Amino acid sequence: MAELVTSDAISILLANPSPDSSSELPEIIVQILDLKQSGNRFMFTASDGKMKLRAILPSNQNSQVISGSIQNLGLIRIVDYTLNDIPNKSEKYLIVTKCESVSPALEMEIKTEVKSECPAMLLNPKQEGEIKSEVKSEAAGIILKPKKEMVSKSAAQILHEQHTNTAPTARMAMTRRVRPLVSLNPYQGNWTIKVRVTNKGNMRSYKNARGEGCVFNVELTDEDGTQIQATMFNEAARKFYDRFALGKVYYISKGTLKVANKQFKTVQNDYEMTLNENSEVEEAANEESFVPETKFNFVLIDQLGPFVNRSDLVDVIGVVQNVSSTMSIRRKSNDETISKRDITIADDTKKTVVVSLWSELATSVGQELLDNADKFPIVAIKSLRVGDFQGVSLSTISRSVVLINPDIPEANKLRCWYESEGKDAPMASIGSGASVAKNGMRSVYSDRISLAQITSNKSLGEDKPAFFSIRAHISSIRPDQTMWYRACTTCNKKATEAIGSGYWCEGCQKNVESTLRYILVARVSDASGEAYVSIFNNEAEEIVGCSANELDSLKSQEGEDNPYQMKLKQATWTPHLFRVSVSQNEYMNEKRQRITVRVVAPVDYAAESRILLEEISKMTASR
């Protein structure tokens, strides 16, 4: 079986740690041993039967392992690679940036006897200058050349060669050694990357114990769709701020990498890049065809809850159910008017969510969706912020990307589901508790605490809203409070009486049809205490048992048994499961705790019994 692998493949790899694409290397086939997952990537040992080398398959190769194309004891052909030093050790490890499967798992490990009469097969780098002729392998007929002196080229050198070399463009492309972003790590020294600027931040000033300064960052994407955030401070920020232009392609070298701070990172990458004043950034000319692939990491709609009000951005895919007209929104910060359009999407979890498209996306992509709304297009959206409006909502930001009917497996699968059963299936909003699916019920059973635990901790929700679940009764609803407001039927914002007749919506900037929507305060109680909670329309309809319009008509009726007050009384002392958010509001220069109901659901007594039994078991086990 030895002939299945390249003879002395490991020696070839060690002799050429960073080969140019033009290097004359033989075909390199190795056997995979000890394949195992480590974090978000797979590690293995590469073997040629004589020698072994520790190796890593980057995350972009995971699909080949998961599909079974690459297997333990199988064979792969290494197409592109780089060798890195292991910190504090004399060893090296191999990063396989591109490979092809040659054979599935063999019956056993390939082993070859090392012949002592062929010592020339392992090249000594110190003797390279003395080697005048090619060394030939009798076993496999492979011709090994003396190791070439490897010169790592900076971005400036690459650009200089492009400008001075009169060879055709195709030949110049062969001489570039550009590394994919997925192969970079903090332990590498010289590297050059070719990336497009897909997002550029503003120049910001800061002040800390070490003094004042400025900083800005960019998001870079390579041809494979891998992204990384690059940050520049002070002199580097001033040097590169005008040089970086959104959408242009650059060669970058002499930067450093470190583990990304999860609190501030904006892209899916374990590392972040820092460029200093000595870093090199050169624009790549005539690179209009360099279009990075958009990579998605989709989150199902019914799994969006944990991302509410967090810094993490999410990608979603769904079938468009509804598209609103464009609205003009005035920002409070600078009084600027921007466009907004809401779309409602659904996926195969049978949940829907509202996505707000802002600025150009609202007028361009939003209009295209409106024109094709009757065809129920599929949209894939990258980089969305998750908010708590109406329970859970999504909003685009400046770097969001919206693709309509993309040609990707997830879109094809979703289309098949929608055509076969989805279009006739009942849908429920993820922010509504009116129809909670079995999987969705987990939200009202997770993070279960008592009311006393909320009211006794005045610091809850200081930095950002905190989410909990409670089981409680509605103990009272004051009938004399303002329980609803007149809302625009398009955007649900407040509508006021227009001059003459009808109602005017400030959000839509026109006369609109209106309806009443709940916005009430109720007192809830459990065994530990009581608290006042704010309840909005969907949740209030579930509690009261009728719409705000219907309750308004009851209020106008007179009699000893006022039907309006009777309806509110009937809503009390019924147990409910609540998912609530706790935040801090300032009123009259005093901070107050605000508890808002996000989801309401009826009590499932079987599930409650199981929870109690689990608690009893824990108490018994701890004794």
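Applying the criterion of being of a type in the set (D, E, K, R), part of a strand (DSSP E or B) and open to solvent by 50 Å² or more (accessible area, probe 1.4 Å) to the residues of region 175-216, the residue that is modelled with the highest pLDDT is Glu212.
Looking only at residues of region 273-291 that are of a type outside the set (A, V, I, L, M, F, W, C) and surrounded by 18 or more Cβ atoms within 10 Å (Cβ to Cβ), we find that the one that is nearest to Val215 (Cα to Cα) is Ser279.
Checking the stated criteria, Asp242 turns out not to satisfy the condition of being at negative phi and touching a Pro at 6+ places or on another chain (Cβ under 6 Å). Each residue in region 60-86 was checked for being over 26 Å from Lys295 (Cα atoms) and outside any strand (DSSP E or B), and 4 of them qualify.
When region 613-623 is examined, which residues are found to be open to solvent by 100 Å² or more (accessible area, probe 1.4 Å) and more than 36 Å from the chain's Cα centre (by Cα)? If the condition is that a residue be open to solvent by 100 Å² or more (accessible area, probe 1.4 Å) and more than 36 Å from the chain's Cα centre (by Cα), then Leu613, Lys618, Met619, Arg623 are the ones that fit.
Determine, yes or no, whether Arg331 is of a type in the set (D, E, K, R), at pLDDT 85 or above and within 22 Å of Asn492 (Cβ to Cβ). When the stated conditions are applied, Arg331 does not pass them. Applying the selection to region 181-212, what residues are farther than 16 Å from Ala260 by Cβ and free of Cβ contacts under 8 Å to residues at least 24 places away in the same chain? Asn202, Arg204, Ser205, Tyr206, Lys207, Asn208, Ala209, Arg210, Gly211, Glu212 - these are the residues of region 181-212 that are farther than 16 Å from Ala260 by Cβ and free of Cβ contacts under 8 Å to residues at least 24 places away in the same chain. Looking only at region 508-550, residues that are part of a strand (DSSP E or B), within 38 Å of the chain's Cα centre (by Cα), under 22 Å from Cys488 (Cα atoms) and without any contact (Cβ under 8 Å) to a residue 60 or more places away in the chain come to 10 in all.
Evaluate region 591-609: report whether one residue or more is in a strand (DSSP E or B), more than 17 Å from Leu520 (Cα to Cα) and open to solvent by 100 Å² or more (accessible area, probe 1.4 Å). Checking region 591-609: at least one residue is in a strand (DSSP E or B), more than 17 Å from Leu520 (Cα to Cα) and open to solvent by 100 Å² or more (accessible area, probe 1.4 Å). Looking across region 341-355, the residues that are in contact (Cβ under 8 Å) with a residue 40 or more places away in the chain, in a strand (DSSP E or B) and either among the hydrophobic types (A, V, I, L, M, F, W, C) or open to solvent by less than 10 Å² (accessible area, probe 1.4 Å) (or both) come down to Ile345, Ala346, Val353, Val354, Val355. Could you grab the pairs with beta carbons closer than 9 Å, sequence gap of 6+ or different chains, first residue in region 302-314 and at positive phi, second one surrounded by 15 or more Cβ atoms within 10 Å (Cβ to Cβ) and assigned to a loop (DSSP other than H, G, I, E, B)? Listed by first residue and then by second, the contacts come to Asn309/Asp388; Asn309/Pro465.
Within region 474-494, the residues that satisfy the criterion of being surrounded by 15 or more Cβ atoms within 10 Å (Cβ to Cβ), among the β-branched types (Val, Ile, Thr) and part of a loop (DSSP other than H, G, I, E, B) are Ile477, Thr490. Does region 358-367 contain at least one residue that is open to solvent by 30 Å² or more (accessible area, probe 1.4 Å), in contact (Cβ under 8 Å) with a residue 60 or more places away in the chain and of a type in the set (Ser, Thr, Tyr)? Checking region 358-367: not a single residue is open to solvent by 30 Å² or more (accessible area, probe 1.4 Å), in contact (Cβ under 8 Å) with a residue 60 or more places away in the chain and of a type in the set (Ser, Thr, Tyr).
The values are calculated or read from the model by the stated rules, or taken from the named source; none is laboratory data. No experiment lies behind these values; they were computed from the predicted model shown. Glycine gets a Cβ as well: all are built from the backbone with ideal geometry, and neighbour counts include every protein chain shown. Heads up: the accessible areas ignore ligands, DNA and RNA and are worked out on the full protein's heavy atoms, side chains in. Shrake-Rupley method; radii C 1.70, N 1.55, O 1.52, S 1.80 Å.
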